[in-house]
Every structure is written in C-alpha cells, then in structure tokens.
Amino acid sequence: MQLYAIPTGNLKLDGGAMFGVVPKGIWQKQYPADENNLCNLAMRSLLIIDGDRKILIDSGVGRKQPDKFFKHYDLNGDDSLLKSLSKCGVSPDDITDHILTHLHFDHVGGSVFRNAQGDLELTFKNATHWVSQAQWEWATNPNAREKASFLKENILPIQEQGKLKLITEEGEILPNITAKIYNGHTSGQVIPHIRYGEKTVVFMADLLPTTAHIPIPYVMSYDTQPLITLEDKQQFLTDALENDYILFLQHDVFTECCNLKLTEKGIRLKDTFNLKDC
Ligand SMILES: [Zn+2]
C-alpha cells in the first residue's frame with residue numbers, strides 16, 4: 001500500500017469560529033491568526049493506492065462557485081486537487097473509490113465540476129462515492145445552521161449519476177479501511193482508519209482539524225453538537241494513544257501528521273512529521 005498527501009490549496013476561516021469558547025489569548029499561541037483574525041487552513045486530501053484500488057479521501061473546495069462566494073474564504077496556495085494527483089501519476093479516471101468524510105463544501109467541492117456546457121459532472125466518474133447514510137440524509141435536508149455549508153451542486157450529482165454508496169454502519173468498508181462515525185461536528189462524519197503495514201493512519205477531517213485542537217475543550221464553533229464533540233474527542237484520543245495511531249491532519253497548514261503522548265495535563269501532541277516519513 002502507498003499513501004500520498006494530496007494538497008488541494010488553503011482557505012482562511014475566522015479564528016474565533018475555529019476555537020469556540022477558548023479565548024484568543026490562549027489559542028493564538030497554538031495557531032496564529034492574521035491581522036483580520038483569520039486562520040490559514042489547509043485542505044489536504046489523502047490518496048491510497050492498494051493493489052488495483054486507488055482511493056481518494058475528500059476533495060477540497062473545488063472551483064465552481066462564483067468569486068463572490070470564494071472571496072469570504074481567501075483561497076491561497078499553489079496546489080490544486082488535479083495537479084497534486086497528477087504528481088502521483090494518477091488521473092481522475094483512475095480513482096476507483098472516493099470516500100467523503102462529510103459533505104461540507106471544503107470537503108466535497110472538488111468532487112463535482114462544471115463542464116464547458118455548464119453541466120455538473122463528477123470529477124471521479126468511475127469511482128464509487130462513499131458517504132454515511134446519516135450524513136447524506138442530514139445534508140440533503142439541511143438545518144438552517146449548516147445550510148450554507150451544504151451546497152446542492154456539490155452533493156446531488158453524486159446520486160443523480162449513480163455513484164453514491166451509503167455507509168450504514170461502522171466497520172471495514174474496503175480492505176484495510178475501517179469507517180468510524182462521529183456525530184459532534186455534523187451528523188455521520190466518517191473518520192477513515194487505514195491499516196498501513198503495522199501502523200494505523202487516521203484521516204482526522206473535522207474531528208481534529210489541527211494539532212491545536214488536541215486538548216479536549218478546543219472545539220470549533222461550527223460543530224453542531226459540541227457536547228457530543230467532547231465525548232467524540234475523549235473516546236478517539238484514548239483509542240489513538242492506546243494504539244499509537246498516526247493522525248493525518250486535513251486542515252493544519254503547518255503539520256501533516258502527528259502522534260500523541262500522555263502528560264499530566266492529559267493527552268497532548270508528541271511528534272509532528274510528514275506522511276512520507278512515517
Ligand atoms: Zn466540516
């Protein structure tokens with residue numbers, strides 16, 4: 001099995017929204033904000049090549065919304081989804097499986113594009129698109145709070161083009177890939193656990209966006225059920241420490257991977273490293 005980080009570019013989000021009830025004086029020592037109080041965040045996908053399968057987890061923000069929409073997010077960086085895949089010698093048609101942790105626009109935007117005729121097409125047209133049933137139902141009947149993050153044009157073509165595969169329960173969805181489901185950030189967020197030789201690499205998505213979110217109270221204001229996030233994190237961090245998981249961070253612009261250690265204050269960051277060195 002080979003694993004590759006697939007950087008798709010960065011976006012900026014409000015620092016207060018990223019760290020919830022934690023005061024800025026404390027969080028900014030862990031993760032800096034710019035003069036507009038915005039934190040720069042990566043959108044890092046993961047490519048898994050395992051035998052005949054080429055599996056991609058999440059797809060970044062894409063480029064199909066108008067500039068007016070992207071203006072709020074200050075997109076930056078030189079990477080793009082297709083450029084990064086091509087550096088690994090992979091074309092979009094080669095992708096056999098596309099796992100979507102959830103359907104917020106910064107995770108699924110690259111999965112659908114507008115063709116020259118203006119029609120919506122799947123970027124990975126041969127791929128089975130894996131989404132949890134709970135998230136699919138949640139995203140296609142969105143609540144007022146998350147409505148702006150669930151864009152129909154990112155979501156509906158997956159089903160219309162016959163490529164949707166719903167994950168109904170936790171467990172192994174593909175050889176060496178187990179889906180765990182967490183509900184605090186959004187209902188039915190899938191956190192893929194990848195068996196990589198003797199190790200387990202976990203794609204953290206929005207369960208733990210950056211290393212600064214490791215302490216339990218550092219919960220994003222975006223989370224729909226913050227009390228559930230506290231439980232999700234406690235449970236995950238305990239498992240991760242016990243099993244020495246490698247955490248692959250989707251949103252941390254400074255750190256690709258990390259592991260954990262137990263300190264007198266609780267579970268904390270141990271080492272940071274790149275995926276290719278693990
Ligand atoms: Zn999200």
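Observations, loosely collected:
- Within the range 118-133, residues that are more than 12 Å from Ser59 (Cβ to Cβ) have Cβ atoms under 8 Å from residues that are of a type in the set (Phe, Trp, Tyr) in these pairs: Leu120/Phe113; Glu121/Phe113, counting only partners at least 6 apart in sequence or on another chain.
- Of the helices (runs of 4 or more DSSP H) lying entirely inside the range 1-75, those carrying at least 2 residues that are without any contact (Cβ under 8 Å) to a residue 12 or more places away in the chain and either over 23 Å from Lys165 (Cα atoms) or in contact with an Asp or Glu (Cβ under 7 Å, 6 or more places away or on another chain) (or both) are 24-27, 67-70.
- Flag if Ser59 is at pLDDT 95 or above, surrounded by fewer than 19 Cβ atoms within 10 Å (Cβ to Cβ) and either within 16 Å of the ligand (Cβ to nearest atom) or not charged (D, E, K, R) (or both): no
- Gly118 vs. criteria of a type in the set (Gly, Ala, Ser) and outside any helix (DSSP H, G or I): yes
- Yes/no for Gln30 being more than 15 Å from Phe124 (Cβ to Cβ) and surrounded by 14 or more Cβ atoms within 10 Å (Cβ to Cβ): yes
Residue-by-condition table, conditions (1) at pLDDT below 95; (2) in contact with a Phe, Trp or Tyr (Cβ under 9 Å, 6 or more places away or on another chain); (3) within 16 Å of the ligand (Cβ to nearest atom); (4) of a type in the set (Gly, Ala, Ser):
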| site | (1), (2), (3), (4) |
| --- | --- |
| Gly89 | no, no, no, yes |
| Thr96 | no, yes, no, no |
| His104 | no, yes, yes, no |
| Arg114 | no, no, no, no |
| Glu121 | no, yes, no, no |
| His129 | no, no, no, no |
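- Within the range 149-207, restricting attention to residues that are crowded, with 21+ Cβ neighbours inside 10 Å and at positive phi, the residue that is nearest to the ligand (Cβ to nearest atom) is Ala205.
- Given (1) more than 20 Å from the chain's Cα centre (by Cα); (2) more than 25 Å from Pro157 (Cα to Cα); (3) of a type in the set (D, E, K, R), index of the condition Asp78 fails: (1)
- Residue match in the range 138-157 (condition: of a type in the set (Phe, Trp, Tyr) and more than 30 Å from Thr272 (Cβ to Cβ)): yes
- Checked against (1) more than 16 Å from the chain's Cα centre (by Cα); (2) at pLDDT 95 or above; (3) more than 20 Å from Ala5 (Cβ to Cβ), Glu146 meets all criteria but (2).
The values are calculated or read from the model by the stated rules, or taken from the named source; none is laboratory data. In this text the structure is predicted, and so the values were computed from the model without any measurement. Because the Cβ atoms are built from the backbone with ideal geometry, glycine has one as well, and the counts that use them run over all protein chains shown.
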